[in-house]
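Below: one structure, written as structure tokens.
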Amino acid sequence: MAAALLCLTLLSLLIVHSSCEQVPSIIHDACKASRDPPACEDWLSRFGRVPPNATALQLIQSSLQVISGDLKKGRVLAQDILKSSAGNPNRTTDAQSCLDGVISSAYRADLVAGALHRRQTKEARAWMSSSLGAKYDCWSELLNETSKPDETTPFFNSTPISGGSATLSMLVNYDLYGEKIGLWGPVRTERDGFWEPVTRSKPFLGGGVPRGLQANVVVCKGRGLCDYDTVQEAVNNAPSGSNKRFVIWIKTGVYEETVLVGLDKRNVVFLGDGMGKTVITGSKNAGQPGVSTFRSATVGVVGDGFMASNITFQNTAGPKTYQAVAFRSDSDRSIIENCEFLGNQDTLYPHGMRQYYKSCRIQGNVDFIFGNGAAVFEDCHILIAPRQQNPEKGGQNPITAHGRTDPAMSTGFVFQNCVINGTEAYMALFRSNPKVHANFLGRPWKAYSRTVFISCELDAIVTSDGWMPWDGEFALETLYYGEYKNAGAGSDTSGRVRWSSRIPAEHVASYSVANFIQGDRWIRGI
């Protein structure tokens with residue numbers, strides 16, 4: 001009898017052990033895709049939202065529900081900090097930026113859920129990348145300014161950010177492998193020898209801001225001559241949440257104002273009379289109390305579907321002010337054509353989402369195209385400008401500073417058929433003493449910075465190293481900086497830094513307008 005009981009006990013243990021091996025937890029398997037599987041498992045298990053026998057898609061949807069709860073708590077914390085920051089302009093600015101980031105993150109996360117329901121995984125990935133980026137920005141804003149460091153910053157870092165990262169990694173795997181969860185694993189990048197599959201069967205035939213748009217309202221200088229005297233007035237009167245374009249014709253003139261196109265102002269279009277004719281200018285800068293780099297923008301756009309053509313965006317902040325943004329955008333599916341961006345450090349800020357810049361002129365000197373957007377620049381002129389202080393002494397000028405913080409983010413800067421050189425004033429300085437001038441294609445603002453130059457004309461002002469480190473070895477093993485079939489005296493890759501790459505010919509199409517930002521779905525022929 002004892003022997004029989006022993007045998008039954010051993011048999012039951014073997015069955016349980018076998019069952020555990022054959023039917024692993026869906027959470028355990030899915031979290032293999034994350035950067036921190038134990039933390040991912042704990043995060044998803046803690047809330048009990050994953051249904052029994054869930055599919056991979058249901059698990060991702062459950063994770064979005066958890067994220068929604070996290071963001072509600074984060075919003076309350078950010079509001080508390082904002083209330084306690086009265087009298088401190090810098091802390092108030094950072095707390096408000098954090099709160100705005102939480103609101104934006106929640107908005108994008110809600111869009112992800114809808115995209116998954118429609119099986120639009122590329123859209124879901126783009127929006128989740130933005131949602132995660134907004135949470136990271138909130139955390140970094142609070143890191144040095146928060147009045148509740150023991151509660152708020154650890155919360156954002158350990159819960160919304162890590163949970164968002166895990167969800168995004170699962171989305172990437174779901175996009176690539178679907179319900180075949182056994183194939184899921186840590187997200188790979190170009191540095192791991194992985195490129196996104198090219199899924200577009202038809203070539204992108206080009207496009208831009210549609211021709212022949214009729215203005216809904218007109219802005220001009222001189223009270224009473226047009227519908228509005230300022231651009232901001234026109235934006236304020238655009239309908240909220242509209243799916244139709246609202247076209248604002250901004251006539252020739254210099255408009256000294258700060259313009260914000262809010263999250264609820266979708267499909268707003270700015271039409272000007274030409275570069276240098278219609279000019280929107282400001283001088284806010286990060287050296288002023290209560291002004292961050294983000295809030296220094298002369299024009300800031302958040303509402304999706306924004307378009308602009310034939311306008312100059314400018315920031316004229318003086319030489320002792322450092323970061324001063326001319327144009328900042330978080331607008332998804334945004335088209336900017338025949339526009340000019342003038343500044344010095346941090347001129348153009350594609351902060352987030354998918355953006356297309358065509359036939360534009362972008363001028364500055366330090367990190368003057370920066371951010372964490374998924375932006376394609378096509379047929380653009382990129383111009384180095386002289387430093388404002390002691391320009392004859394030269395200096396190091398990195399053109400780009402991309403800010404991807406997670407390998408699963410579908411963000412990066414792509415330059416195609418662009419020209420890289422200097423303004424006339426800069427070229428005169430360069431020719432007079434080239435040894436003191438060093439210009440670079442970019443440097444890594446964040447750990448997974450990604451920037452590529454394809455079929456561009458690189459002038460001799462581009463140094464043989466090509467790329468510049470940010471600080472020591474930071475990001476050098478995780479960034480991706482690629483070049484392919486560029487021309488000009490600065491295009492020789494034989495002397496490039498070891499951590500840059502030549503894009504393999506078979507993978508160049510991964511960076512096409514259609515593949516990288518799904519532009520064939522929303523950029524129409526002109």
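The values are calculated or read from the model by the stated rules, or taken from the named source; none is laboratory data. Since we're looking at a predicted model, the values are computed, not measured. Ideal geometry is used to build each Cβ from the backbone, glycine not excepted, and the neighbour counts take in all protein chains shown. What goes into the accessible areas is simple: the full protein's heavy atoms, side chains included, and nothing from ligands, DNA or RNA. Shrake-Rupley method; radii C 1.70, N 1.55, O 1.52, S 1.80 Å.
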#### Entry: Top-ranked residue in the stretch 112-122 [being part of a helix (DSSP H, G or I) and more than 18 Å from Asp406 (Cβ to Cβ); ranked as most open to solvent (accessible area, probe 1.4 Å)]
His117
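Output the residues belonging to the stretch 235-252 that are open to solvent by 10 Å² or more (accessible area, probe 1.4 Å), assigned to a strand (DSSP E or B) and among the β-branched types (Val, Ile, Thr). If you could, list the steps in order and put the result at the bottom.
Taking the stretch 235-252 as the starting set, the residues that turn out to be open to solvent by 10 Å² or more (accessible area, probe 1.4 Å) are 236-237, 239-246, 249, 251-252.
Cutting the leftovers down to assigned to a strand (DSSP E or B) gives us 246, 249.
Within the stretch 235-252, none qualify.
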### Criterion violated by Tyr255 - all others in (1) open to solvent by 10 Å² or more (accessible area, probe 1.4 Å); (2) within 17 Å of Ala308 (Cα to Cα); (3) over 23 Å from the mean Cα position of the chain (by Cα); (4) not hydrophobic (A, V, I, L, M, F, W, C) satisfied
(1)
### Query
How about the stretch 400-431: which of its residues are among the aliphatic types (A, V, I, L, M), under 22 Å from Cys456 (Cβ atoms) and touching an Asp or Glu at 6+ places or on another chain (Cβ under 8 Å)?
Ala401, Val419, Ile420
## Note on the structure
Across the stretch 475-509, the tally of residues that are exposed (fewer than 13 other Cβ atoms within 10 Å of the Cβ) and assigned to a loop (DSSP other than H, G, I, E, B) stands at 5
### Message
Can you tell me which of (1) in a strand (DSSP E or B); (2) surrounded by 21 or more Cβ atoms within 10 Å (Cβ to Cβ) is the one Leu260 doesn't meet?
### Response
(2)
### Query
Just a yes or no: is a residue in the stretch 443-457 over 30 Å from Gly305 (Cβ atoms) and open to solvent by 50 Å² or more (accessible area, probe 1.4 Å)?
yes
### Task
Keeping to the stretch 400-417, report how many residues are outside any loop (DSSP other than H, G, I, E, B), open to solvent by less than 10 Å² (accessible area, probe 1.4 Å) and not hydroxyl-bearing (Ser, Thr, Tyr).
6
### Query
Do you know which residues across the stretch 76-111 are surrounded by 19 or more Cβ atoms within 10 Å (Cβ to Cβ) and of a type in the set (D, E, K, R)?
Arg91, Asp94, Asp100, Arg108
### Task
Hey, can you tell me all the residues within the stretch 415-455 that are polar (S, T, N, Q) and either closer than 19 Å to Pro350 by Cα or free of Cβ contacts under 8 Å to residues at least 60 places away in the same chain (or both)?
Gln416, Asn417, Asn421, Ser432, Asn433, Asn439, Ser449, Thr451, Ser455
### Sole exception among (1) within 17 Å of the chain's Cα centre (by Cα); (2) open to solvent by 10 Å² or more (accessible area, probe 1.4 Å); (3) modelled with pLDDT of 95 or more for Thr293, by number
(3)
